[in-house]
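Trainee: My structure is below; once you've seen it, I'll send some questions.
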Amino acid sequence: MSRGIIEKALSGFYYVNTGNRYVSCRARGKFRKEHITPLVGDWVQIQELEDGSGYVESIEPRKCEFIRPAVANIDQMVIIASEAIPVSDPYLIDRVCAIAELKGCDVVICVNKCDLADGETLAQIYEQVGYPTVRVSAQTGEGIDTLRTMIQGKLSAFTGNSGVGKSSILNCLYPDFGIETKEVSDKLGRGRHTTRHVELFRLNETTLVADTPGFSSFDTTEMDLALKKALPQTFREFMPYRDACQFVGCSHVKEKGCAVLAALKEGKISQSRHASYMRLYEELKPLKEWEVRRDK
């Protein structure tokens with residue numbers, strides 16, 4: 001038996017890095033019977049065969065998992081945003097932040113293209129929340145060393161709306177990244193499916209990056225139901241005020257005696273973040289648990 005991490009999953013094959021080589025594996029039938037799907041990021045035990053292939057025998061406990069994109073054990077979500085074209089919608093950033101909080105995953109906000117627009121307004125919103133925030137330029141290299149330090153030794157998932165420069169940042173972080181990506185691609189057969197799956201890239205011995213699809217991929221009815229149940233808890237800046245609300249179960253929308261709304265009025269919570277909360281609240285409000293069961 002060998003231990004390794006799944007760095008790519010495609011068409012029923014799991015490509016496991018055991019530390020010295022990649023092994024193309026199938027999953028044992030027991031996983032299907034137990035309704036368990038191995039995910040990219042899973043640490044697994046595999047049985048290697050004489051022909052160099054193998055079988056996934058067991059999956060180690062996960063620290064977190066995402067349904068879509070299908071990835072596990074993420075240490076932090078690095079959300080790439082921009083105040084230059086294309087300008088990132090704070091609501092989409094906040095929705096991913098809320099899902100990351102729901103899953104117990106840390107968040108890093110990276111505002112790119114600060115050579116074109118300084119990104120200060122966007123950065124200040126998330127600095128006020130308490131998220132680690134960095135402004136960078138993949139064009140000039142500004143802030144890249146800081147970002148490199150922030151992801152060192154962790155498994156980070158990079159996401160962001162199309163055009164914000166995820167690939168440019170990765171190549172700027174590690175000048176050999178493009179070459180390494182090609183080498184991994186040759187080993188794993190990566191090619192035309194690049195936008196259809198999640199894949200891990202090892203930037204150095206201890207630092208891995210998952211280049212995930214864009215914001216729209218963080219969207220499933222089942223996850224939305226869980227988000228609805230815990231929405232106030234996923235906005236961390238609400239936490240100091242929630243227990244001071246006049247009524248138990250306050251939704252922090254328009255109730256009298258709401259300490260969160262008082263903090264908002266005093267500027268202790270940003271208008272942008274609360275607007276995102278309100279939008280999520282209204283979108284999730286009609287969702288019923290029986291609808292999720294029906295869809296399964």
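The values are calculated or read from the model by the stated rules, or taken from the named source; none is laboratory data. Model, not experiment: these values are computed from the prediction. Note that each Cβ is placed from the backbone with ideal geometry, even for glycine, and that neighbours are counted across all protein chains shown. Note: areas computed on protein heavy atoms with side chains; ligands, DNA, RNA excluded. Shrake-Rupley method; radii C 1.70, N 1.55, O 1.52, S 1.80 Å.
Trainee: Which members of region 99-122 meet the condition of being open to solvent by 20 Å² or more (accessible area, probe 1.4 Å), within 29 Å of K63 (Cα to Cα) and in contact (Cβ under 8 Å) with a residue 40 or more places away in the chain? Write out each step before concluding.
Mentor: Of region 99-122, the ones open to solvent by 20 Å² or more (accessible area, probe 1.4 Å) are 101-104, 106, 113, 115-118, 120-121.
Next cut, within 29 Å of K63 (Cα to Cα) only: 101-104, 106.
Residues satisfying the conditions are E101, L102, G104.
Trainee: Name the residues in region 278-294 that are assigned to a helix (DSSP H, G or I), modelled with pLDDT under 90 and in contact with an Asp or Glu (Cβ under 8 Å, 6 or more places away or on another chain), would you? Write out each step before concluding.
Mentor: If we filter region 278-294 for residues that are assigned to a helix (DSSP H, G or I), which is where we start, we get 278-284, 289-294.
From the residues that got through so far, the ones that are modelled with pLDDT under 90 too are 289-294.
Residue satisfying the conditions is V292 alone.
Trainee: Any idea which of E65, E60, E83, E34 is within 28 Å of L227 (Cβ to Cβ), without any contact (Cβ under 8 Å) to a residue 12 or more places away in the chain and open to solvent by 10 Å² or more (accessible area, probe 1.4 Å)?
Mentor: Working: E65 fails: without any contact (Cβ under 8 Å) to a residue 12 or more places away in the chain; E60 fails: without any contact (Cβ under 8 Å) to a residue 12 or more places away in the chain; E83 fails: without any contact (Cβ under 8 Å) to a residue 12 or more places away in the chain.
Answer to the selection: E34.
Trainee: While we're here: Mind listing whichever residues of region 193-245 are modelled with pLDDT under 70, under 23 Å from S82 (Cα atoms) and either of a type in the set (K, R) or surrounded by 13 or more Cβ atoms within 10 Å (Cβ to Cβ) (or both)?
Mentor: Matches in region 193-245: P213, G214, F215, S217, F218.
Trainee: State yes or no: is G143 within 15 Å of S82 (Cβ to Cβ) and either small (G, A, S) or modelled with pLDDT under 95 (or both)? Steps first, please.
Mentor: Details: within 15 Å of S82 (Cβ to Cβ): yes; either small (G, A, S) or modelled with pLDDT under 95 (or both): yes.
Answer is yes for this residue.
Trainee: Moving to a separate point now. Looking only at region 14-23, decide whether some residue is assigned to a loop (DSSP other than H, G, I, E, B), surrounded by 15 or more Cβ atoms within 10 Å (Cβ to Cβ) and either without any contact (Cβ under 8 Å) to a residue 40 or more places away in the chain or among the aliphatic types (A, V, I, L, M) (or both).
Mentor: Our first condition is that a residue be assigned to a loop (DSSP other than H, G, I, E, B); within region 14-23, this holds for 18-21.
Now drop any that are not surrounded by 15 or more Cβ atoms within 10 Å (Cβ to Cβ), which leaves 18.
Still in the list and also either without any contact (Cβ under 8 Å) to a residue 40 or more places away in the chain or among the aliphatic types (A, V, I, L, M) (or both): 18.
For region 14-23, residues assigned to a loop (DSSP other than H, G, I, E, B), surrounded by 15 or more Cβ atoms within 10 Å (Cβ to Cβ) and either without any contact (Cβ under 8 Å) to a residue 40 or more places away in the chain or among the aliphatic types (A, V, I, L, M) (or both): present.
Trainee: Among (1) farther than 18 Å from L280 by Cβ; (2) of a type in the set (G, A, S); (3) in contact with a helix residue (DSSP H, G or I) (Cβ under 7 Å, 6 or more places away or on another chain), there is one condition A72 misses while meeting the rest; what is its number?
Mentor: (3)
Trainee: Here is a further query. Taking S11 as meeting all but one of (1) among the hydroxyl-bearing types (S, T, Y); (2) closer than 16 Å to L200 by Cβ; (3) open to solvent by 70 Å² or more (accessible area, probe 1.4 Å), write down the number of the exception.
Mentor: Checking S11 against (1) among the hydroxyl-bearing types (S, T, Y); (2) closer than 16 Å to L200 by Cβ; (3) open to solvent by 70 Å² or more (accessible area, probe 1.4 Å), the one that fails is (2).
Trainee: With the structure loaded, tell me whether Y55 is in contact with a strand residue (DSSP E or B) (Cβ under 6 Å, 6 or more places away or on another chain), over 15 Å from A72 (Cα atoms) and open to solvent by 20 Å² or more (accessible area, probe 1.4 Å) or whether it fails that test. Write out each step before concluding.
Mentor: Values: in contact with a strand residue (DSSP E or B) (Cβ under 6 Å, 6 or more places away or on another chain): yes; over 15 Å from A72 (Cα atoms): yes; open to solvent by 20 Å² or more (accessible area, probe 1.4 Å): yes.
So Y55 passes the test.
Trainee: Still on this model: How about region 100-138: which of its residues are among the aliphatic types (A, V, I, L, M), more than 21 Å from S168 (Cβ to Cβ) and out of contact with any helix residue (DSSP H, G or I) (no Cβ under 9 Å at 6 or more places or on another chain)?
Mentor: none
Trainee: Quick one: in region 252-277, which of the residues that are hydroxyl-bearing (S, T, Y) and either at pLDDT below 95 or in a helix (DSSP H, G or I) (or both) is farthest from V96 (Cα to Cα)? Spell out the reasoning first.
Mentor: Initially, region 252-277 is screened for residues hydroxyl-bearing (S, T, Y), giving 270, 272, 276-277.
Checking which are either at pLDDT below 95 or in a helix (DSSP H, G or I) (or both) leaves us with 272, 276-277.
Working: S272: 15, S276: 11, Y277: 12 Å.
Within region 252-277, the match that is farthest from V96 (Cα to Cα) is S272.
Trainee: Another question, if that's okay. Based on what the data block shows, is S156 modelled with pLDDT of 90 or more, closer than 18 Å to G41 by Cβ and not in a helix (DSSP H, G or I)? I'd like the intermediate steps shown before the answer.
Mentor: On the way: modelled with pLDDT of 90 or more: yes; closer than 18 Å to G41 by Cβ: yes; not in a helix (DSSP H, G or I): yes.
Yes; evaluated as a whole, the condition is true for this residue.
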